[in-house]
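As structure tokens, the structure follows; a few thoughts come after it.
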Amino acid sequence: MKITTLLFSFILMMQGVLAQIVPLGQPISTALTDDFNPSVSGNGKTLLYEVIYRNSNKADVMISTQTNGVWSFPQVVAGVNTQTEQLTNGGYFINHAGNIILFHSNRYKGIGGTDIWYTEKNANGAWSAPTNFAKPINSTGNEIDPSMSPDGKFLYFTLLSDKKTPNGLPCGKIMVSERLSSSTWKAPVELPGTINTGCECGGKLLSDNKTFLFSSMRPGGKGGLDFYKSTLNDDGGFTTPINYAFINTPDDDKYISIAAGGSMLYAAAPGKGKDERDIVRCKVPDDMQPEMVKLYQGVLKNAATQTAITGQITVTHIKTGTSMVYRTAADGSYSVPVLTTDDYDMGIFSAAPGFEYLSLHIATSPVKKYEEKNIEFSLKPLTKGVEIPLSALSFKDVTAIDNASQLELNRAKLLLRLNPTISFEIQAYTDQVVTDTVRHTAMDKEVLNQADSTVTYSNDFTKEEARYIYDYLVQNGTSASRLSYKGMGVNPAEQKKKYVLIVK
């Protein structure tokens, strides 16, 4: 069953969102194509979608990028399309960073039935030949509609059953697999009964790493498959799904996409022609939006050559210590969403040894709105004299540090482990040194065992703090022969507290 434009408009009008439906128009949608299954990157600047040419019934997957609010002329994703009467591709999904495309296909050299495949953009911007995820992701059954969590740690897909919607659309149960390494995955498991009730598909985790959208045919819906929203809890469970009533129709509702901003939804809606669909965007009601994030994006570079390098960025919730790891694309670009509701710590490392690391503290945002932070991270090669700031380190006293400081020392420990032939000097500085000379009474002298009548006190604990860092690194596996430490007192040029590693 196809919903006519008039009926679709009436439904949306009754739901109070008609004025917020905006067709993307040309060059994305044209009268010559049936356009559907939009998928946007985290920053909303890359759009992937499927087309069927109405004059030939040939299908393609297209990609477009947005600059200053204008979409570029769509390009075919070369090497992915092999659509024939015998071969089927579909379920295209572009990951958060915009450098990996997932899809399902029954093409040659699969495991069996319809499998999950991927293609990745190289440093020159070209897409690789499609690669089969192989076992244990794929099986002799039919796996469709893949998606990936923003950090790339979890892969979601639908394992088809023999069930279909009244309109004949196949469905099944949504599965998830956890990444073990760059190329290995755990055996998939089905999501709990909160999500899977018998006829589900199209699950995806949004940029807040909490909001889970999927399609389901269950009691209380509007007919066929409806969109639902659930929240992924810290314990791995899901909240009771909420019907995305503002966009659902009596037809099968499948394939929507929401970027990190959270306020705009991309979908396909009936176009002007018969059996024609166009890509549209729609405002998401405030109570249906994912949690607010701040999006950090940019490029990781070699500071000496100003060329892009690959690496990883670890984001850690300071209170709980839970972490997410984001890997850069082949061209060094990164895209990292961070919730605005709490304090986080960010550590930036090169994929190859021989470079410093950087630290960034991300405080709770006082303004609860979506922001994009464009930062170029430049890492210096570890040559003699290079200074590596332990910027998140602070002392409560000379024997106690806070959670953020513990994360900083762990990064320093990792740096030394990754570069086992390099030696370092630990230097500690303070912002000011105050000395005080106190005259003691005879009783004070007896208690303090002081021969003199005066004692001089100082707040310069830089030597003790440097020793604390030294002891921690040695106790955690670094050879003492690679380290030395020094309390530097006040640096007249800066007059601030700081702790650094100096390459010897």
Residue count for region 338-371, restricted to those that are surrounded by fewer than 17 Cβ atoms within 10 Å (Cβ to Cβ), assigned to a strand (DSSP E or B) and in contact with a Leu (Cβ under 9 Å, 6 or more places away or on another chain): 1
Search result, residues across region 278-330 that are of a type in the set (S, T, Y) and either more than 20 Å from D151 (Cα to Cα) or surrounded by fewer than 17 Cβ atoms within 10 Å (Cβ to Cβ) (or both): T305, T307, T320, T322, S323
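For (1) among the β-branched types (V, I, T); (2) under 17 Å from the mean Cα position of the chain (by Cα), each residue gets a yes or a no:
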| site | (1), (2) |
| --- | --- |
| V299 | yes, yes |
| T307 | yes, no |
| K319 | no, no |
| Y326 | no, yes |
| L360 | no, yes |
Test: K222 is touching a Pro at 6+ places or on another chain (Cβ under 7 Å), surrounded by fewer than 21 Cβ atoms within 10 Å (Cβ to Cβ), in the same structural domain as D34 (by TED's automatic domain parsing) and not in a loop (DSSP other than H, G, I, E, B): no
Hits in region 131-145 (condition: in a loop (DSSP other than H, G, I, E, B) and not hydrophobic (A, V, I, L, M, F, W, C)): K135, P136, N138, S139, T140, G141, N142
Odd one out for H96 among (1) touching a strand residue (DSSP E or B) at 6+ places or on another chain (Cβ under 7 Å); (2) surrounded by fewer than 18 Cβ atoms within 10 Å (Cβ to Cβ); (3) under 17 Å from P146 (Cβ atoms); (4) not aliphatic (A, V, I, L, M): (2)
Unique residue being in contact with a Pro (Cβ under 6 Å, 6 or more places away or on another chain) and modelled with pLDDT of 95 or more when the list is L418, L473, L414, L483: L418
Cβ-Cβ under 7 Å pairs, at least 6 apart or on other chains, region 167-190 side outside the structural domain of I144 (by TED's automatic domain parsing), far side buried (at least 17 other Cβ atoms within 10 Å of the Cβ) and basic (K, R): none
Residue that is surrounded by the fewest Cβ atoms within 10 Å (Cβ to Cβ) [pool: residues in region 377-408 that are among the β-branched types (V, I, T) and at pLDDT below 95]: T399
Subset of region 222-256 (residues that are over 22 Å from E190 (Cα atoms) and of a type in the set (G, A, S)): G223, A245
Those residues of region 31-74 which are surrounded by fewer than 17 Cβ atoms within 10 Å (Cβ to Cβ), more than 27 Å from M292 (Cβ to Cβ) and either outside the structural domain of S128 (by TED's automatic domain parsing) or modelled with pLDDT under 95 (or both), in sequence order: A31, L32, Y53, R54, N55, S56, N57, K58
Single condition K254 does not satisfy, out of (1) within 23 Å of T165 (Cβ to Cβ); (2) more than 27 Å from the chain's Cα centre (by Cα); (3) not in a strand (DSSP E or B); (4) not β-branched (V, I, T): (2)
Residues within region 198-212 that are surrounded by fewer than 22 Cβ atoms within 10 Å (Cβ to Cβ) and either of a type in the set (G, A, S) or free of Cβ contacts under 8 Å to residues at least 60 places away in the same chain (or both), tallied: 2
Search result, residues across region 176-197 that are surrounded by fewer than 17 Cβ atoms within 10 Å (Cβ to Cβ), in contact with a Ser or Thr (Cβ under 8 Å, 6 or more places away or on another chain) and in a loop (DSSP other than H, G, I, E, B): K186, A187, T194, T197
From L390, L360, L407, residue being touching a Phe, Trp or Tyr at 6+ places or on another chain (Cβ under 7 Å) and either in contact (Cβ under 8 Å) with a residue 12 or more places away in the chain or outside the structural domain of L501 (by TED's automatic domain parsing) (or both): L390
Filtered residue count, region 32-51, keeping only those that are assigned to a strand (DSSP E or B) and either among the charged types (D, E, K, R) or under 24 Å from I100 (Cβ atoms) (or both): 13
Residue within region 297-309 that is among the charged types (D, E, K, R), on the phi < 0 side of the Ramachandran plot and at pLDDT 95 or above present: yes
Breaking point among (1) among the small types (G, A, S); (2) within 16 Å of V280 (Cα to Cα); (3) not in a loop (DSSP other than H, G, I, E, B), for S29: (3)
Search result, residues across region 99-130 that are part of a strand (DSSP E or B) and either closer than 19 Å to D151 by Cα or hydrophobic (A, V, I, L, M, F, W, C) (or both): I100, I101, L102, F103, I116, W117, Y118, T119, E120, K121, W127
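The values are calculated or read from the model by the stated rules, or taken from the named source; none is laboratory data. The structure presented is a predicted model; accordingly, all values stated were derived computationally and were not measured. We place every Cβ from the backbone using ideal geometry, glycine too, and count neighbours over all the protein chains shown.
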